[in-house]
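The values are calculated or read from the model by the stated rules, or taken from the named source; none is laboratory data. These numbers were taken from a predicted model, which means no experiment stands behind them. Virtual Cβ from ideal backbone geometry, glycine too; neighbours counted across all protein chains shown. Accessible surface is based on the protein model in full, side chains and every heavy atom, while ligands, DNA and RNA are left aside. Shrake-Rupley method; radii C 1.70, N 1.55, O 1.52, S 1.80 Å.
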Amino acid sequence: MLDPRRFRQDPEAIAEALKIRGFELDLATYHDLEDARHTLQTELETLQHERNVKSKHIGVAKQQGEDITPLVAEVGDLGSRLDALRDKFQQIQESLHDFLLHVPNLPDASVPPGDSEEENVELRVWGKRPEFDFEPKDHVELAGTSLDFEASVRISGSRFSVLKGNLAKLHRCLIQFMLDVHIEEHGYEELYVPFIVNRETMTATGQLPKFEDDVFFVRGEIDRFLIPTAEVPITNMVRDQILDFSELPLLYVSHTPCFRRESGSHGKDTRGLIRVHQFEKVELVHITHPDASWEALETLTRHAETILQRLGLPYRAVVLCGGDLGFAAAKTIDLEVWLPGFDRYREVSSCSNFVDFQARRAQARFRPDPTARTELVHTLNGSGLAIGRTLLAILENYQRADGTVQLPEVLIPYMGGVEVLQF
RNA sequence: GGAGAGGUGGCCGAGCGGUUGAAGGCGCUCCCCUGCUAAGGGAGUAUGGGCAGAAACCCAUCGAGGGUUCGAAUCCCUCCCUCUCCGCCA
């Protein structure tokens with residue numbers, strides 16, 4: 001959520017800044033709500049004050065043994081007038097809050113203009129794309145029966161996967177490898193977190209209220225949702241917390257499954273592991289001092305890149321243009337791995353700085369020094385990396401003419417000495 | 001699943017219908033005193049909002065939401081959560 005004060009001060013400037021991401025701010029509605037809020041609030045508070053004063057008088061009079069009936073009469077219908085006014089005020093407050101919850105974050109000044117993916121700007125390219133003296137296969141062809149979509153369709157439906165044998169093991173080892181690097185070399189603290197979360201948690205990170213159609217809902221006594229990314233539970237570690245200055249930055253890493261409805265992507269990426277309802281990720285989250293978040297975005301992105309480099313996978317880093325930017329992000333750098341089977345780069349990590357946007361929704365604060373007022377922290381996250389897509393990138397980049405796959409050096413110890421995958 | 005006890009500030013904890021945003025303690029900040037140390041004295045110390053900011057003033061907030069009342073931390077209802085005992089269970 002954007003700062004309501006800043007909003008009040010200059011909504012036109014905010015509307016202008018949001019145009020970069022192609023968001024049309026409904027200024028008329030905003031002004032209507034804000035004006036109504038202001039009028040009602042003043043009116044309500046005056047009336048409340050009146051009631052408080054009179055009630056206090058009654059208390060004093062009663063204690064002194066005076067007759068309070070005339071005083072009670074004087075309060076008259078104040079109560080019912082207050083009730084009516086409070087209802088109206090709360091309704092407006094709710095509408096205004098809801099309005100603000102639907103407004104995306106302001107893009108950082110460095111975010112390039114553009115409407116779609118095509119206008120993202122390449123920052124750097126790493127690694128040499130493999131050259132094959134044969135026609136490279138995609139991961140579905142390569143994995144053969146180790147990737148059992150017939151089973152996953154029977155078990156759950158389309159867009160799920162069943163991995164078998166060494167392919168399933170490689171999938172598990174990738175998780176282990178990534179966690180080890182981030183914990184032992186990059187200094188992250190590992191977390192194990194819930195995969196089913198409540199509405200408040202989903203609202204804090206920005207998935208709700210706007211994107212309820214994109215996530216899986218769990219039926220029950222209270223509303224709960226399957227996490228679409230580990231960012232949700234991890235960032236909510238600091239929801240409603242007041243951290244000490246000395247605790248920052250917090251660096252968390254966690255491996256979780258991610259569940260997505262993919263409701264807007266019918267017919268898109270239907271082949272293989274590229275776009276599924278359930279996949280695994282190792283996620284990096286930074287909770288930082290507001291002055292440190294831009295540097296942290298660099299650090300976090302480099303940490304994710306380290307994984308690709310260790311695995312010897314060619315990739316490029318792109319900065320997302322305004323039109324491709326996610327709802328809560330101020331700036332995002334995507335890491336895209338080269339996929340020979342698709343003859344293109346595909347996203348394996350998305351590293352974002354949310355500045356205070358999520359922190360405000362989450363009321364995640366810190367105290368700069370013992371006497372100071374609390375301030376909002378900044379939050380960042382990025383995949384380090386998406387497991388399924390990394391797995392298929394390994395298959396496609398390391399494939400050989402005979403259909404076997406040579407494993408990257410760093411994974412061999414994890415695989416118990418297995419150097420080549422045969423399917 | 002059954003029975004019971006609870007949820008109050010950064011933390012502990014009192015209050016159970018009126019001037020209580022909340023005693024007391026711990027912690028923290030500033031000042032004073034004490035030649036170190038230990039200890040002592042004083043003042044201050046929630047969040048959000050009315051309001052860009054400061055002061056003053058005002059409003060709201062005692063797990064959440066409703067209700068009763070002139071007035072609710074306090075009484076009633078619903079929900080959420082925590083703890084203890086029993087049962088069940090990876």
Out of the stretch A:341-406, which trypsin sites (Lys or Arg not before Pro) are coil in DSSP terms and have no more than 16 other C-beta atoms within 10 Å?
A:Arg373, A:Arg400
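Work out the FRET efficiency for A:Asp26 and A:Leu82 from their Cβ-Cβ distance, taking R0 = 25 Å, and round it to the nearest 0.05.
On the way: r = 31 Å, r/R0 = 1.25.
With a Förster radius of 25 Å, E is 0.20.
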Name the most mobile residue of A:Val53, A:Val215, A:Val282, meaning the one with the largest mean-square fluctuation, in a Gaussian network model of chain A with Cα contacts below 10 Å.
A:Val53
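Given N residues in chain A, what is its alpha carbon radius of gyration divided by 2.2 N^0.38 Å?
1.22
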Cross-link reach from A:Lys54 to lysines, straight Cα distance under 24 Å and at least 8 residues apart if same chain, gives A:Lys62, A:Lys88
Value of Rg to Rh for the stretch A:170-328 (Rh from inverse mean 1/r over Cα pairs, i.e. Kirkwood):
0.96
Per the 1.4 Å probe, what fraction of the accessible area of chain A, in percent, lies on carbon and sulfur atoms?
48 percent
In order over the stretch A:91-103: 3J(HN,Hα) from phi, Karplus 6.51/-1.76/1.60, θ = phi - 60°, whole Hz, x for each Gly or Pro, gives 4, 5, 4, 5, 4, 5, 4, 4, 4, 5, 5, 8, 8
Here the gain from full extension of A:Thr145 to A:Glu45, 0.36 nm per residue of separation minus their alpha-carbon distance, amounts to 29.0 nm
Mean-square fluctuation check for chain A, GNM, Cα pairs under 10 Å: which of A:Ile234, A:Ile92, A:Ile222 is largest?
A:Ile222
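Compute the length gained on full extension between A:Phe216 and A:Glu12: take 0.36 nm times their separation in residues and subtract their Cα-Cα distance, giving the result in nm to one decimal.
69.8 nm
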Report, in deg cm²/dmol and to the nearest 500, the calculated mean residue ellipticity at 222 nm for chain A, where each DSSP H run with n ≥ 4 adds -39500 (n - 2.57) and the sum is divided by the residue count.
-11500 deg cm²/dmol
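Extension gain A:Asp35-A:Asp180, at 0.36 nm per residue separation less the Cα-Cα distance, in nm?
46.8 nm
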Can you give me the Cα centroid spacing of the stretch A:24-56 and the stretch A:132-211 in angstrom?
49 Å
